[in-house]
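Structure first, commentary second.
The values are calculated or read from the model by the stated rules, or taken from the named source; none is laboratory data. A quick note: this is a predicted structure, and the numbers were derived from the prediction, not measured. All Cβ positions, glycine included, derive from the backbone under ideal geometry; neighbour counts span all protein chains shown.
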There are 2 protein chains.
Amino acid sequence: MGLIVQKFGGTSVADADRIRNVARIITETYRRGHNVVAVLSAQGDTTDDLIAKAAEINPNASKREMDMLLSTGEQISCSLCAMAIEAMGYPVVSLTGWQAGFRTNSAYGDARIKRINTERVMAELDKRAIVIVTGFQGVNKYDDITTLGRGGSDTSAVALAAVLHADLCQIFTDVDGVYTADPRNVAGARLLEEITYDEMMELATLGAQVLHNRSVEMAKRYNVNLEVLSSFSGKPGTKVKEVVKTMEKLHVRGVAKDKNVARLAVVGVADQPGIAFKIFSLLARENINVDIILQSIGRGGTKDISFTVCKADSQRAKELLEEQKNVLGFERVDVNDQIAKVSIVGAGMIHNPGVAAKMFEALYNAGININMIATSEIKASVLVDAAETDRAVQVIHDRFFSEFGEN
Amino acid sequence: MGLIVQKFGGTSVADADRIRNVARIITETYRRGHNVVAVLSAQGDTTDDLIAKAAEINPNASKREMDMLLSTGEQISCSLCAMAIEAMGYPVVSLTGWQAGFRTNSAYGDARIKRINTERVMAELDKRAIVIVTGFQGVNKYDDITTLGRGGSDTSAVALAAVLHADLCQIFTDVDGVYTADPRNVAGARLLEEITYDEMMELATLGAQVLHNRSVEMAKRYNVNLEVLSSFSGKPGTKVKEVVKTMEKLHVRGVAKDKNVARLAVVGVADQPGIAFKIFSLLARENINVDIILQSIGRGGTKDISFTVCKADSQRAKELLEEQKNVLGFERVDVNDQIAKVSIVGAGMIHNPGVAAKMFEALYNAGININMIATSEIKASVLVDAAETDRAVQVIHDRFFSEFGEN
C-alpha cells in the first residue's frame, strides 16, 4: 500500500461526466489499497468566466481580490468531485488550499509555496478517507487567499507529494503523456515511456506545455516520481525521473516549438566592453526575461546585439532601450515578432556532438532559413520565420524519429 | 462618526450594474465619515446554479460538501464588490466567513454562529478600510466550512453588528421596507416607518419574508438597531427597534399571509386527558413543527383535534399518526392543504380588545369562511381557503389601513 497524489487539470473536470470519470480513476486507485490525495484545477472555463466577470467591473482589480475570486473555481470542482466519490460509496473529504495547509508568500496571482502543514491531510488519510485538495491556491501570513499563477495546480500536486513523501505523483491531463513532438501537429510523433527531469524542464520551457516547468523543477529538487498520463485513455503515460533507462538510446528526446517569441536587434552599438551588461541589466531591472542572445562580430567599430523576449515584453523592451539611447549609444532597435523558436532536447546530446548539426541539415534540406541559433548541454534551439514553424518541427522530427531517421 | 453594518441580498448584487450600485451605497456611507462593514449574499441565481450542478452529480451529497460548494457564491459576490469599490478609489478588503472570524457549530447547511473573532475586521477598520464580508457562512471547530441556512446572510449581518457594537445595521433588499401588507398584492399597502422586534418577528414568521426571523430574534437579544430598506430606491426604510414611537397609533402593524400551511384533523379521539400530549409529543420527536392547534369540545365521549403544519410535513404527520392509530384511538385523519393562514400583527393589540373581532367582521362581510382561529398577545391568525387568501388579506387590510379603516 502506497500514497499516490493525483492531479487533474481543468479539461479533466470540465463537466459532470468528466468529474465522474475522475472520481472513478481516484476510487480505482483507492480500491487497489492506496491512499489517494487528488489535487484538482478549476473546471474548464470557470477561471476565464470569473476573469470576465471581474473585467466587467474593474479591469484593474487588485491581485488580492482577483485571488479571492479565482480561488472559488477549484473549491467548486473539488466539492463536486467529492460528491461524485460520495455517490460511489467511498469516504472522502474536500479541502481548500488553507484547509490543506498551503502557506505561501504574499505575491498575489503568482505566489510561491513556503510550506505545507500536513496535519489535516494526514489525519484524513489516517481515517482512510480520500482527500481532494484545491490546486493553485494557498494563504499568506495574513490568512489572505493567494493563487500560484501559471502551472499552479501541477506545483500544488508536486509540493504535496514531496511533503507527504508520496510514492508517486500522477499528473492527469488531456494527452497520453510526453511526446517526441506535439502529436496534434507532427506526423509520427511518438509517446515517450520515460524522460529525465532536465529534459522535461527544457521541453516545458520550450513550449511543450504538457507540464509546467516550475512543477518539474520542484519534482527534481525533492525527487518526486512523476507520471504524466491521460485522464481519458486509461493508458500508461510518461514517467519523469532523475535517470531513465538508456534502452531507447534516444539522443534527442523531443522537438518543441514556441511561438510566443519576439526578436529584438540593437543595431550599431559601439564595439566596446560593458555594452551587453548595460543592455541586459536594464531589462532585468524591469523583469523582462531574455532568452537567446546573439552578438555579432564587431565591424568598423560597431556591432549588433540580438536577443529574444516573449512577445508581450517586446514593445516595452524596445521603449526601455530607446529611452537610454544616449547612454547606450546605438543606431536603432528592430523588433521582429513574426518568428518562432524550434528546439530539440535530449540528455544524450552532450555526449554526441553533431546532433545539432543534423537539425541544421534537416532545415537546410527543407529550405528553411535559420535566424538565430542557441545551444546548451541538452538542447539546441533555432529561430525560424513564424510561418515555417510547423514545417520546421516536422522535418526535424522526421530527421530524428522517422523510420529512417537517425537518433 | 459611527460604525454601520450594511447587508445586501442576492437581488441587490445580481449583476455588474447592481454590484456597482451597492458599491455606491457603501462608499457614500463611508464618505459621510462612517466605518462600513458590508455583508453580502451570493449573486442572484448563483446558489441555485450550484445546487443544480451538485444535483447532477449526486442528489444525496453530504451537507459538508454542499457547504463547501455553496460558500463560493458569497466569496464571488464579495470579491467583485470589493473590485467595484477599488475602481471608485476607496480602500477595501473582502473577507470570507472564516477570515472574518465566524465560528459556528457543525450543523452543516443550518449552522448556528457560536462566536465571532473580530480581530481581523477591527484591524481593517482601524486602517479605515471598507470591509466586505461573505454572509451565510462560517467555519466549525474542524475548520470546515459551514453555511447558516435560510436567512443566513441577515443573521451574519446582525451578529456582526452585535459583536462590533455597530450603531446601525441596515438590511438592504428589493423592497422599500416593511409594509402593512405585501404591496405587490394588496392595494393601499403602506410603508411602516417603525416596527418593534416582536411585531417584526411575528410578521417574518407569518410569511412577510422581508427579514428572516432568526436575525430579528438576534437583533432583539443584542439590541441591534435594524433598518430594512431598498438598495434601489434610495429612500429611508423601516426601523426595527425595541420600542417605537406611538405617534402613528397603529394597533395593527401589518397583515401577512402564509400559503405554506396544511391542516390536519384527527377526528373522533377519546375525550380523555393525555391524548393531545401523546399526539404532539409524537410529532415533536419527528421534528414536525405544529403551529395552530384547535380542540373541539367533547361530544358523546369523543372530540376532534385539528392543527396546522407546513405543507411538506403534512403527509408524514398523517402517516405517523396512522401508525399509532391503535395507541391513540381515533376514527380518521383528514388532511387539507388547500388552505392559507392570514394574520394581523400589532403590539397594540394586547391593550385593545376587539381588534381581532374587526378582522372576523371584515371576513364575514366579504363572505369568507374562517376555518380556524388562533390569537396571541400581538397577533391574530385565521385559516381560510387557499383560493380566498389574497381577497382575505385585502379586506382585512382595507378594514385597518384604508382611509376609512379603523386602526
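A few notes on this one:
- Residue match in the stretch A:139-153 (condition: over 21 Å from the mean Cα position of the chain (by Cα) and surrounded by 24 or more Cβ atoms within 10 Å (Cβ to Cβ)): yes
- The criterion of at least 3 residues that are touching a helix residue (DSSP H, G or I) at 6+ places or on another chain (Cβ under 9 Å) and not β-branched (Val, Ile, Thr) is met, among helices (runs of 4 or more DSSP H) falling completely within the stretch B:299-402, by B:314-323, B:355-365, B:389-401.
- Some residue of the stretch B:262-283 being modelled with pLDDT of 90 or more, surrounded by fewer than 20 Cβ atoms within 10 Å (Cβ to Cβ) and within 17 Å of the chain's Cα centre (by Cα): no
- First in the stretch B:63-81 and more than 7 Å from chain A (Cβ to nearest Cβ), second anywhere and buried (at least 24 other Cβ atoms within 10 Å of the Cβ) and aromatic (Phe, Trp, Tyr), Cβ under 9 Å, 6 or more apart: B:Leu70/B:Phe136; B:Ser71/B:Phe136; B:Gly73/B:Phe136; B:Glu74/B:Phe136; B:Ser77/B:Phe8; B:Cys81/B:Phe8
Every residue, every condition in (1) at pLDDT 95 or above; (2) over 22 Å from A:Gln99 (Cα atoms), yes or no:
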site: A:Val37; (1), (2): yes, no
site: A:Asp48; (1), (2): no, yes
site: A:Ala52; (1), (2): yes, yes
site: A:Pro59; (1), (2): yes, yes
site: A:Leu70; (1), (2): yes, no
site: A:Cys78; (1), (2): yes, no
site: A:Cys81; (1), (2): yes, no
site: A:Ala84; (1), (2): yes, no
site: A:Ala87; (1), (2): yes, yes
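- Of the criteria (1) aromatic (Phe, Trp, Tyr); (2) closer than 21 Å to A:Arg120 by Cβ; (3) out of contact with any helix residue (DSSP H, G or I) (no Cβ under 7 Å at 6 or more places or on another chain), which one B:Tyr179 fails: (2)
- Residue check, B:Gly152 under 28 Å from A:Arg64 (Cβ atoms) and at pLDDT below 95: yes
- Search result, residues across the stretch B:112-123 that are free of Cβ contacts under 8 Å to residues at least 40 places away in the same chain, within 14 Å of another protein chain (Cβ to nearest Cβ) and not in a loop (DSSP other than H, G, I, E, B): B:Glu119, B:Arg120, B:Ala123
- Among the residues listed as A:Val228, A:Val158, A:Val210, the single one being under 17 Å from A:Gly135 (Cβ atoms), modelled with pLDDT under 90 and hydrophobic (A, V, I, L, M, F, W, C): A:Val210
- Scan of the stretch B:8-60 for residues that are within 11 Å of another protein chain (Cβ to nearest Cβ) and among the charged types (D, E, K, R), ordered by number: B:Asp15, B:Asp17, B:Arg18, B:Arg20, B:Asp49, B:Lys53, B:Glu56
- Options A:Gly109, A:Gly101, A:Gly89, A:Gly97: the member that is more than 16 Å from B:Leu50 (Cβ to Cβ), buried (at least 24 other Cβ atoms within 10 Å of the Cβ) and within 14 Å of chain B (Cβ to nearest Cβ): A:Gly97
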